[in-house]
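**Q** Structure provided below as structure tokens; questions to follow.
The values are calculated or read from the model by the stated rules, or taken from the named source; none is laboratory data. Being a predicted model, the structure only gives us computed values, none of them experimental. Every residue, glycine among them, receives a Cβ derived from its backbone with ideal geometry; neighbour counts consider all protein chains shown. Just so you know, the surface numbers come from the protein's heavy atoms only, side chains and all, with ligands and any DNA or RNA stripped out. Shrake-Rupley method; radii C 1.70, N 1.55, O 1.52, S 1.80 Å.
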Amino acid sequence: MNHLPLPGRIYVATVIVAGAAVLAFCLRYADFVHQPVLLAALVALASVTAAINLTLPFTASGSAMSVAYAVDFASLLLIGPHKAMVVAAISALSACRLNKKEQQPLHDTMFSMAAMVLTVQSAGLALGWLTEPGATTTLATIGRPLLGTAAVYSLVSTGLVATALALSSHKSIATTWRAGVISCAPGSFVGACTAAIASALVTRTGYWIAPLGFAPIYLTYRTYKVYRGRIEDEQRHVLQTSDLHLATIEALARAIDAKDQNTQTNIRRVQTYADRMAKALGLSQPEIQGIKTAALLHDIGKLAVPEHILSKPGPLTQEEFQKIRIHPEVGAEIIAAVPFPYPVAPIILSHHERWDGKGYPQGLKGEQIPLGARILTIVDYFDAITTERPYHKALPHGSAVGLLTHECGLALDPTLVRLFIELLPSLIAEGDAESEALDARNALTTEGPDTPAVGLPPGAPAPNAFENIALAHREIYALYEIAQSMGTSLGVADTMALISSKLMNIIPWSGSALFLMNGDGATLKCRFASGVDAPQLLNATVKLGEGLSGWVAKNRRTLVNADPSVTFEMLGLPAPQLQSAMVCPLYVNDTTFIGCLALYHVDQNRFTEDHRRLLERIAEQAGPVIHNSIVFEQTQEDSLTDPLTGLPNRRSMFVHLSRELARAERLKNQMALIVMDIDGFKTINDSYGHHVGDRALREVSLALQGALRPYDLCVRYAGDEFIIVLTDCSRETAEVKRRELQQRIGQIELEVRTGKRLHLAASAGASVFPHDGASYETLLAEADHRMYRDKARRYGRLAVPHAAGPEFMTDVQGPTPAPSPVPLALPQTV
């Protein structure tokens, strides 16, 4: 009895003690000497018939009549209550210990015997009170005692058992008792009538007629068994048909659920959780079945919601959310046309209502919401937050319980939430076991290694039908996502990073790369690489026809499961970790080839023909987008680059200068500007032509770039003016660098004509942040001023004939006079 609650244990013990006391007290008045043969026959008959029960088809409540009950009632009429209680107790003992495949626990047996003793004695008192002494035995005189005794017998027996069941399961005693009376009352009255007829025959004709009296009962029992068997066969057929219909509906519901890109176990898990909660609340079987069916079909209305809304990874707009809100009404309307024998449509309609009345579609509040809908809301909410969805990551169970507790009294029924949390450990264990069983069943029905499914590598287990549906819709959505998001990025690297990340949803890869045709039309350069071995591939150049990408570029055909080591060996790179590659050509306008898109994997033969189809489909969209990204990058580079020298232009300089000034101010560092001007540059153009002047500018740009650090900036500002931005540079370092740059320019020698060479020279001035100014305007003005002071000083030295050196622009005739200094024009705005 340890498994029973304390009130249940106390009640069972009380009934056992009361029954024992009544039995001991009443045995003193029992006359076992009189009619011993009849008593022995009744005991034997009660023991034999203890397990024989007939289910009566009077109501849907499952009414039943026990043949042993008829014997007990006949004993009450024939030999009185004191000896009848012994017959009833032995009958209960036989039913519990002898006629069961699994014997009942000792306390159950003792309780059943005590209950029968109390029942028979109560019925005997009722029989004595209702029978008129000395009355003539007629139908009218025996009808009232018989019915009254049967009623007391039924009420006491069901009351004792119902109270024990209610206390053991925390249910209502009145509800349990009422159900027991409805179930047993028809059988009690039929048994009482049968017992009365048999008793009358025995009393009037003698004991010898008893076998003949029970013969019709036995024949009736056998006839009824045959009839009942036929009914049960018909009921079994109806049940099988119903199960078939429900299985069909379940298959369709799971197919709809697979469209939503969820695993097929999600909907079963919600159904299992809802079923367990409904049973824990003590709901009737039709109510439980209605909740289970509603859990299976609650999202059927999502057929009316566009898939891109259902799978949208970000927050919904107001218009999109309004579209989502229609699915409970659509689902209820669909299900309302199906004649379920239990309520389903109201649960589906209300499963998004909130306890505080802020839900939809009707805004119901509290207990206005159907109980089944409140149960479904809780289990669906828990499943939604603990599984991976496009719009959020799965939460651990602890965090999910915290959210459930937070929503108590807001979105969810507080009482039901507490019950769900109490049941949760067992629910999770049961759900995991069901998922494992489902996986095992799926493994038996999928194709073997010799017949791989399309889209899977050889040897991989084939997906079942629902997984195929999910894969198909995942492919559609991935293609939609790629097409939608391709226009959101402009650069080649950003575009490829987006495409490769979206590809992962439908094609497995360990590494990806983009090879684009160079301007020479004979080589390809890797402009993007991600994943395994990406650093080795990035910026690598392959010739047309060499390596995998070179072969695809030459033959314009997709390669599947090629060996990536061919490309790595051709490039002189270490052996790769990658074992298989799929390379697809990229086109613009279906004719112009621009490059190759390559996917790699660490497993051999990882890609399939289905993967080829998907990659070629995506390449059709990716080609024009990547081409536009190339054009954008080229345009951006042209807008920030001087086309003659390849140096950044003044627009690029001001962007860089603003950033470096802010950084120097934040870190309390110094920064230097050097302004340079080529001496006598106009004379070069006038004397030797602009093509010589352009060559001079290119040589100067090469000389300046070669003397700077990678993070310094050299800009062709305008004409023959250059500006150098030196990061983290003091005044002393800036002066040293200024003289070094002037010396490098002075070493430049140009052959302007046959036998005629020209040396270049430049004037320069430097300013340092923050000593010479805090803004780029001030720094440029100061550096420009110092540059003209340097130019004036250098031209003052031209009077010294032998002072010509690398600092001055000279030819064989001597120094060439430079034009008058003109102040450097500063822009008004950046």
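**Q** Quick one: which residues, 5 or more positions from Ser580 or on another chain, have an amide H under 5 Å from its amide H? H modelled 1.01 Å from N in the peptide plane, none for Pro or chain starts.
**A** Those qualifying (amide H under 5 Å, at least 5 residues apart or on another chain) are His601, Asp603.
**Q** Next up: Relative to the present Cα-Cα distance, how much length would full extension add between Arg613 and Gln318 at 0.36 nm per residue of separation?
**A** Numbers: separation 295, 0.36 × 295 = 106.20 nm, distance 3.69 nm.
Full extension from Arg613 to Gln318 adds 102.5 nm.
**Q** What's the local net charge at Ala766, with K and R +1, D and E -1, over the other residues with C-beta under 11 Å away?
**A** That works out to -1.
**Q** Give, as a single signed number, the net charge of other residues whose beta carbon lies under 12 Å from the beta carbon of Val631, with Lys and Arg counted +1 and Asp and Glu -1.
**A** For residues surrounding Val631, the net value is -3.
**Q** Based solely on C-alpha atoms, express the radius of gyration and the Dmax of region 547-696 in angstrom.
**A** Rg then Dmax for region 547-696, in Å: 24.4, 69.
**Q** Just to make sure I understand: if all protein chains stay in place, what is the order of Trp551, Trp509 by accessible area at 1.4 Å, largest first?
**A** Working: Trp551 80, Trp509 35 Å².
Ranking Trp551, Trp509 by accessible area, largest first, yields Trp551, Trp509.
**Q** From largest accessible area down, sort Tyr11, Tyr273; use a 1.4 Å probe on the protein chains.
**A** On the way: Tyr11 45, Tyr273 10 Å².
These residues rank, largest area first, as Tyr11, Tyr273.
**Q** Okay, moving on. Summing Lys, Arg as +1 and Asp, Glu as -1, what charge do residues with Cβ under 15 Å from the Cβ of Ser510 carry, Ser510 excluded?
**A** Values: positive: Arg606; negative: Asp533, Asp563, Asp603.
Around Ser510, the charge tally is -2.
**Q** Would you please give the residues with an amide H less than 5 Å from that of Gly357, counting only those at least 5 places away or on a separate chain, with H modeled from the backbone geometry?
**A** Gly366
**Q** Would you list Glu637, Glu307 from the most to the least accessible area, probe 1.4 Å? Don't skip to the answer; put the middle values down first.
**A** Values: Glu637 100, Glu307 65 Å².
In descending accessible area the options line up as Glu637, Glu307.
**Q** Can you pull the accessible area of Val583 for me, 1.4 Å probe, Å² to the nearest 10?
**A** Rounded to the nearest 10, the figure is 0 Å².
**Q** Pairs to check: Lys502/Lys543; Lys365/Lys393; Lys292/Lys323; Lys323/Lys502; Lys302/Lys358. Give those whose C-alpha atoms are more than 24 Å from each other in this structure.
**A** Correct reply: Lys502/Lys543; Lys365/Lys393; Lys292/Lys323; Lys323/Lys502.
**Q** Tell me, what is the 1.4 Å probe accessible area of His690, in Å² to the nearest 10?
**A** Estimated to the nearest 10 Å², His690 gives 120 Å².
**Q** Under the Karplus relation 6.51 cos²θ - 1.76 cosθ + 1.60, θ = phi - 60°, what is the ordered set of whole-Hz ³J(HN,Hα) values for region 591-604, x standing for Gly and Pro?
**A** 10, 7, 7, 10, x, 9, 10, 10, 10, 10, 9, 6, 9, 6
**Q** Taking the full set of protein chains and a 1.4 angstrom probe, give the accessible area of Thr754 in square angstrom, rounded to the nearest 10.
**A** Result for Thr754: roughly 140 Å² accessible.
**Q** Separate question: Determine which aspartates and glutamates satisfy two conditions relative to Lys668: a Cα distance under 16 Å, and not lying fewer than 8 residues away in the same chain.
**A** The qualifying aspartates and glutamates are Glu660, Asp728, Asp772.
**Q** I would also like to ask the following. Show me, for region 383-389, the HN-Hα J-couplings you get by feeding each phi into the Karplus relation (A = 6.51, B = -1.76, C = 1.60, θ = phi - 60°), rounded to Hz, glycine and proline as x.
**A** 5, 5, 7, 9, 10, 6, 10
**Q** Under a 5 Å amide H to amide H cut-off, with H placed in plane at 1.01 Å, what residues pair with Arg389 once short-range neighbours are removed?
**A** Residues meeting the criterion, in which the H sits 1.01 Å from N, are Ala394.
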